[in-house]
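Engineer: Before I ask anything, let me first share the structure, which is written out below as structure tokens.
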Amino acid sequence: MNTNTRYTVRVALIVALGGFLMGFDASVISGVVTFIEPQFNLTNIQVGWAVASLTLTATIGMMLSGPLSDRFGRRPVLKIAALLFSVSAIASALAPDYLFLVVARMLGGFGVGVALIIAPMYIAEIAPAHLRGRMVSFNQLNIVIGISAAYFSNYLILGLGQSDLAWAQALHLGEWNWRWMLGVETLPAIFYFFALFTVPESPRWLVMRGKDDDALAVMAQVTDRARAEAELSDIHASLQAEQNAERASFRELFTPSMKLVLTIGLSVAVLQQLTGINSVFFYAPKIFEQSGIGTDAAFMQAVLVGLINLVFTVLAIALIDKLGRRPLLGFGLAGIAFCMFLLAYGFGSATYGANGELVDINPTLILIGILGFVASFAISLGPVMWVLFSELFPNRVRAVAISFVGLINSAVSFLVQLVFPWELENFGNSMTFLIYGVFAVLGLVIVMRILPETKGRSLEELEAELVGR
């Protein structure tokens with residue numbers, strides 16, 4: 001690895017910590033709900049709101065982050081995100097009541113929205129073309145690592161809180177376990193803030209501001225001087241073309257020529273959330289605890305969820321350009337449907353006492369169903385959705401289209417997270433997972449019928465085939 005590549009990798013890894021914080025912040029609540037529900041005497045909808053409120057403000061953050069980064073720069077906006085993560089973590093840990101906790105979580109949601117959009121944008125703008133794909137994938141990988149780290153951190157804090165270690169007792173890890181679960185995010189958030197001072201501003205943004213010399217100096221650190229000068233010319237040409245092009249309107253998405261690609265995009269965006277992934281990610285310990293294994297074992301099994309998610313996400317990244325998008329989606333959706341039906345059977349065949357207490361259930365079956373579902377999702381709908389979004393839509397409306405389907409995806413995610421505790425209470429575990437399984441089967445039929453294979457085909461070829469059909 002030469003000096004330029006080492007520098008690029010270092011910068012990309014630092015910026016991709018935003019993805020880590022996003023994954024951590026979104027998933028750490030999974031361990032917290034077990035304790036705040038009785039402490040604050042919450043209803044099912046209040047529990048759902050404590051989980052889903054972050055997604056709501058993350059959606060707003062996604063919409064605001066692009067214009068803000070164009071005005072003030074990519075790096076300053078990422079620093080603001082790091083500060084939001086820090087303040088949110090501290091405020092959440094110190095929350096005296098439910099309302100304060102929700103507001104603190106919503107503050108962190110703005111940071112999540114910024115990290116989701118700006119971190120991969122920055123990496124794409126600074127990395128040379130031959131490294132761009134791998135460098136940008138650091139962010140998605142870090143999101144998954146952040147999810148796993150949150151599960152492990154929750155489990156570790158729970159275990160230490162029950163230990164006889166003097167320092168753990170002095171920190172009140174047992175009494176304040178959920179507060180420490182939320183507050184520990186402060187450490188990586190502060191590290192991220194200061195680490196961002198060691199990375200340069202995006203060269204594309206510098207060119208947008210007329211700072212060509214500064215942009216050239218940055219690009220010369222990630223590639224050789226001649227290539228840097230050529231890329232500088234390309235950036236100028238690209239910016240000029242954007243200025244000359246008529247701005248795409250939202251209305252264009254609903255023209256007859258866009259019917260097929262918009263149908264595919266919306267179907268995949270809705271399906272990714274309606275199959276219940278964030279119900280599992282954000283309520284994993286609660287689901288496992290309802291299988292009768294106890295709180296400690298439930299948190300340990302949540303760690304397994306994070307590890308399986310990480311392994312199969314890496315596998316998907318390795319296979320997506322070899323096997324193609326359709327095979328991964330087909331295999332994944334079939335696996336999701338099977339595992340959801342397995343969970344429905346597992347909870348449905350359990351026996352309960354006269355007062356509704358659990359008498360007998362097969363916890364191994366529940367564990368297999370959850371892990372199989374996460375593996376099926378991580379190798380299909382998780383990474384494939386964003387790849388498809390970047391390929392299906394014509395260049396002229398791509399930014400508007402991705403923003404629209406991304407907004408729909410976030411809105412459905414918010415609703416799924418919000419109503420999941422209510423579903424468990426009113427429909428029961430078995431019926432809830434059966435509903436997710438039915439959505440997966442319907443999605444499998446729809447996607448396999450209308451989705452073409454996009455592997456190895458140019459964007460121009462796909463546009464010629466799909467737009468206007």
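The values are calculated or read from the model by the stated rules, or taken from the named source; none is laboratory data. Keep in mind that what you see is a predicted model, and the values were worked out from it rather than measured. Here Cβ is always computed from backbone atoms with ideal geometry, including for glycine, and neighbour counts include all displayed protein chains. Only protein heavy atoms, including side chains, enter the accessible area calculation; ligands, DNA and RNA are left aside. Shrake-Rupley method; radii C 1.70, N 1.55, O 1.52, S 1.80 Å.
Engineer: Could you give the nm distance between label points at LEU415 and GLU453, where each point is 7 Å from its Cα heading toward the beta carbon?
Structural biologist: Label at LEU415, label at GLU453, 3.4 nm between them.
Engineer: Could you work out how far apart the two model spin labels at LEU171 and PHE250 are, taking each label as a point 7 Å from the Cα in the direction of the beta carbon, and quote it in nm?
Structural biologist: 4.6
Engineer: In degrees from 0 to 90, rounded to the nearest 10, what is the angle of the helix 29-39 Cα long axis to the longest principal axis of the chain?
Structural biologist: 40
Engineer: Sorted by accessible area (1.4 Å probe), largest first, how do LYS79, LYS322 line up?
Structural biologist: Listed by decreasing accessible area, they come as LYS322, LYS79.
Engineer: I would also like to ask the following. Taking only protein heavy atoms into account and a 1.4 Å probe, give the accessible area per residue of the stretch 192-339 in Å².
Structural biologist: Spelled out: the 1.4 Å probe surface of the stretch 192-339, per residue, equals 45 Å².
Engineer: What number comes out for the charge environment of TYR283, summing +1 per Lys or Arg and -1 per Asp or Glu over other residues with Cβ under 14 Å away?
Structural biologist: Overall, the nearby charge balance is -3.
Engineer: Then there is this: For the pair PHE40 and ASP234, what calculated FRET efficiency results from E = 1/(1 + (r/R0)^6), where r is the Cβ-Cβ distance and R0 = 60 Å, to the nearest 0.05?
Structural biologist: My answer for the efficiency is 0.65.
Engineer: While we're on this one: Measure nothing fancy, just the Cα-based angle from helix 277-289's long axis to the longest principal axis of the chain, in degrees from 0 to 90, nearest 10.
Structural biologist: That works out to roughly 20 degrees.
Engineer: Relative contact order, percent, of the stretch 213-327 when contacts are C-alpha pairs under 8 Å separated by at least 6 residues?
Structural biologist: Result for the stretch 213-327 is 10 percent.
Engineer: Something else about it: What accessible area, in Å² to the nearest ten, does a 1.4 Å probe give for PHE338?
Structural biologist: Surface open to solvent at PHE338 totals about 140 Å².
Engineer: Still on this structure, please answer the following. Quick one: which residues, 5 or more positions from GLN162 or on another chain, have an amide H under 5 Å from its amide H? H modelled 1.01 Å from N in the peptide plane, none for Pro or chain starts.
Structural biologist: It is none; the list stays empty.
Engineer: Give, as a single signed number, the net charge of other residues whose beta carbon lies under 9 Å from the beta carbon of GLU125, with Lys and Arg counted +1 and Asp and Glu -1.
Structural biologist: Here the charged neighbours net out to +2.
Engineer: So which aspartates and glutamates pass the test for LYS79, namely a Cα distance under 15 Å, with those fewer than 8 places away in the same chain ruled out?
Structural biologist: ASP70, GLU201
Engineer: Tell me the relative contact order for the stretch 140-201 as a rounded percent, counting alpha carbon contacts under 8 Å between residues six or more apart.
Structural biologist: 23 percent.
Engineer: If you take every residue apart from ARG326 with its C-beta less than 9 Å away from the C-beta of ARG326, what net charge results, scoring Lys and Arg +1 and Asp and Glu -1?
Structural biologist: +1
Engineer: At a probe size of 1.4 Å, how large is the accessible area of ILE80, to the nearest 10 Å²?
Structural biologist: Near enough 100 Å² of accessible area.
Engineer: Just checking my list (i) 22.9, 78; (ii) 22.5, 68; (iii) 21.2, 68 against Rg and Dmax of the Cα atoms in Å computed from this structure; which label fits?
Structural biologist: (i)
Engineer: Over the heavy atoms of SER148, what accessible area does a 1.4 Å probe trace out, to the nearest 10 Å²?
Structural biologist: Answer for SER148: close to 20 Å² accessible.
Engineer: Using θ = phi - 60° and the Karplus curve 6.51 cos²θ - 1.76 cosθ + 1.60, what whole-Hz ³J(HN,Hα) does each residue of the stretch 79-94 get, with Gly and Pro shown as x?
Structural biologist: Each residue of the stretch 79-94 in turn: 5, 4, 4, 4, 5, 4, 4, 5, 4, 4, 5, 5, 5, 5, 5, 9 Hz.
Engineer: Can you find, among GLY113, GLN39, SER27, the residue sitting farthest towards the positive end of the charge dipole of the stretch 1-120, where Lys and Arg contribute +1 and Asp and Glu -1 at Cβ?
Structural biologist: GLY113
Engineer: Given +1 on the Cβ of Lys and Arg, -1 on the Cβ of Asp and Glu, and no further charges, what dipole in debye does the chain carry about its Cα centre, rounded to the nearest 20?
Structural biologist: For this selection, approximately 860 debye.
Engineer: Let me ask you something else. At a Cα cut-off below 20 Å, give the lysines reachable from LYS455, other chains included and same-chain residues fewer than 8 away excluded.
Structural biologist: Filter leaves LYS322.
Engineer: Under 18 Å Cα to Cα from LYS286, which aspartates and glutamates show up? Leave out anything in the same chain fewer than 8 places away.
Structural biologist: Qualifying aspartates and glutamates at Cα under 18 Å: ASP25, GLU37, ASP296, GLU357, ASP360, GLU423, GLU425.
Engineer: On to the next question. Taking the chain as the reference, fit the longest principal axis to its C-alpha atoms, fit the long axis of helix 186-195 to the helix C-alpha atoms, and give the angle between the two in degrees, 0 to 90, nearest 10.
Structural biologist: In the chain, helix 186-195 runs at an angle near 10 degrees to the longest axis.
Engineer: Here's another thing I want to ask about it. Ranked by accessible surface with a 1.4 Å probe, highest first, in what order do TRP178, TRP167, TRP422 come?
Structural biologist: TRP167, TRP422, TRP178
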